[in-house]
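Everything on this sheet refers to the single structure shown next.
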Amino acid sequence: MRILLTGASGFTGLHFGQLAKQHGHEVVDCPVDLTDASAVKRAIECTDPCDALVHLAAISFVGHADESAFYGVNTVGTTNLLKAFDALPASARPRKLLLASSANVYGNCLQSPISENQPTAPVNHYAASKLAMEQMAQAYADRLPIVITRPFNYTGPGQATSFLVPKLVDHFARRAPVIELGNLHVEREFNDVRMVCEAYLRLLDHGESGQIYNVCTGTVFSLQQVLDTLKHLTGHDIAVRVNPAFVRASEVHRLCGAPDKLIGCIGPLPVYPLTECLSAMIQAHATQARPAPL
């Protein structure tokens with residue numbers, strides 16, 4: 001399969017590209033500025049036909065300073081991409097276009113685990129921009145074979161320390177005495193990026209056009225469980241302080257997904273225990289911190 005990949009140099013893109021190549025697929029990087037509609041159109045016109053698109057390029061950090069950028073990249077940028085594919089002859093269009101949205105579109109809800117039928121209620125600009133992207137994609141659903149994914153929280157080696165788990169790993173690996181955090185009473189799935197990438201790859205073959213799939217396991221961890229696991233792995237204890245500047249009033253307190261629809265489509269999910277994921281992140285941190293040989 002020849003896969004056109006946006007966001008190839010990002011955290012998920014690097015892992016997905018590696019996995020796809022390991023499975024014998026050809027991955028074509030698409031590094032275009034999504035906010036430039038003309039550039040996007042030219043890039044798609046000049047790229048040889050691909051069997052599939054995996055669209056991962058996005059502003060994904062909820063605390064990003066420029067709120068308008070969420071919509072410029074995540075919503076308008078994705079629309080520019082779909083518009084460019086829609087302008088191609090039918091024979092040159094991919095047979096599957098996978099768009100990565102986010103489980104953040106569900107917001108705070110009492111139901112848990114969350115199925116795809118749960119009404120959306122975004123509580124921040126990141127989530128709102130992703131939901132708007134989904135809604136804009138519906139305008140092309142009758143002409144383009146679009147599959148939308150809503151991944152729940154995931155992590156792994158290479159994720160920026162602006163995200164929670166890499167920040168924790170960095171502090172424990174450096175044996176920092178103190179860490180400042182925001183909301184301590186949150187529960188997330190903290191899945192492994194490898195599981196997410198495997199799900200994306202399988203959805204290119206088996207995902208039904210026009211459908212939305214939660215990419216999740218249904219297993220959640222409290223922040224304290226993550227802290228305890230890192231303490232066990234590193235032998236280091238750390239003092240936790242709440243920094244009011246990091247506390248978000250619109251924080252989603254619990255995000256736990258129902259994977260039934262995903263499993264029914266692609267089969268059983270690969271299992272990557274949290275301890276294994278955190279160990280790999282600690283090892284990667286040590287490798288990056290090691291000085292180059294003279």
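Please indicate, with yes or no, whether at least one residue in the range 229-237 is of a type in the set (Lys, Arg), over 19 Å from ILE282 (Cα atoms) and in contact (Cβ under 8 Å) with a residue 12 or more places away in the chain.
No, that holds for no residue.
Please determine whether any residue of the range 133-141 is buried (at least 21 other Cβ atoms within 10 Å of the Cβ) and of a type outside the set (Gly, Ala, Ser).
At the first step, the residues of the range 133-141 found to be buried (at least 21 other Cβ atoms within 10 Å of the Cβ) are 133, 137.
With of a type outside the set (Gly, Ala, Ser) added as a condition, the list becomes 133.
Taking every residue of the range 133-141 in turn, at least one turns out to be buried (at least 21 other Cβ atoms within 10 Å of the Cβ) and of a type outside the set (Gly, Ala, Ser).
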| task | Kindly provide the set of residues from the range 1-18 that are part of a strand (DSSP E or B) and more than 15 Å from the chain's Cα centre (by Cα), ordered by number. | result | ARG2, ILE3, LEU4
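Conditions (1) modelled with pLDDT under 95; (2) of a type in the set (Asp, Glu); (3) over 22 Å from CYS197 (Cβ atoms); (4) in contact with a Gly (Cβ under 8 Å, 6 or more places away or on another chain), marked per residue:
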site	(1), (2), (3), (4)
ALA84	no, no, yes, no
ALA87	no, no, yes, no
ALA92	no, no, yes, no
LYS96	no, no, no, yes
SER101	no, no, no, no
ASN108	yes, no, yes, no
ILE114	no, no, no, yes
ASN117	no, no, yes, no
| field | Members of the range 19-41 found to be surrounded by 13 or more Cβ atoms within 10 Å (Cβ to Cβ) and not in a loop (DSSP other than H, G, I, E, B), listed by number | value | LEU19, ALA20, VAL27, VAL28, ASP29, ALA37, ALA39, VAL40, LYS41
| message | Pairs please, first residue from the range 11-37 and within 21 Å of TYR71 (Cβ to Cβ), second anywhere and among the basic types (Lys, Arg), Cβ atoms under 8 Å, 6+ apart in sequence or on different chains. | response | ALA37/LYS83
| query | Just for the range 158-167: of the residues that are assigned to a loop (DSSP other than H, G, I, E, B) and in contact (Cβ under 8 Å) with a residue 40 or more places away in the chain, which one is farthest from PRO270 (Cα to Cα)? | reply | SER162
| remark: Matching residues in the range 260-292 (under 30 Å from SER115 (Cα atoms) and modelled with pLDDT under 95) number 3
| Any idea which of ILE59, ILE44 is aliphatic (A, V, I, L, M) and in a helix (DSSP H, G or I)? | ILE44
| message | Looking at the range 130-147, can you tell me whether even one residue there is over 20 Å from the mean Cα position of the chain (by Cα), aromatic (Phe, Trp, Tyr) and either in a loop (DSSP other than H, G, I, E, B) or more than 19 Å from THR75 (Cα to Cα) (or both)? | response | no
| field | Neighbours by Cβ (under 9 Å, 6+ apart or cross-chain): first from the range 168-194, over 14 Å from ARG254 (Cα atoms); second part of a helix (DSSP H, G or I) and among the basic types (Lys, Arg) | value | PHE172/LYS231; ILE179/LYS167; LEU181/LYS167
| Taking into account only those residues within the range 192-250 that are touching a helix residue (DSSP H, G or I) at 6+ places or on another chain (Cβ under 6 Å) and of a type in the set (Asp, Glu), which is nearest to GLY264 (Cα to Cα)? | ASP192
| Out of all the residues in the range 80-114, which are more than 30 Å from VAL186 (Cβ to Cβ) and part of a helix (DSSP H, G or I)? | ASN80, LEU81, LEU82, LYS83, ALA84, PHE85, ASP86, ALA90, SER91, ALA92
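The values are calculated or read from the model by the stated rules, or taken from the named source; none is laboratory data. This is a predicted model, so every value here is computed, not measured. Please note: Cβ atoms are built from the backbone with ideal geometry, for glycine as well, and neighbour counts cover all protein chains shown.
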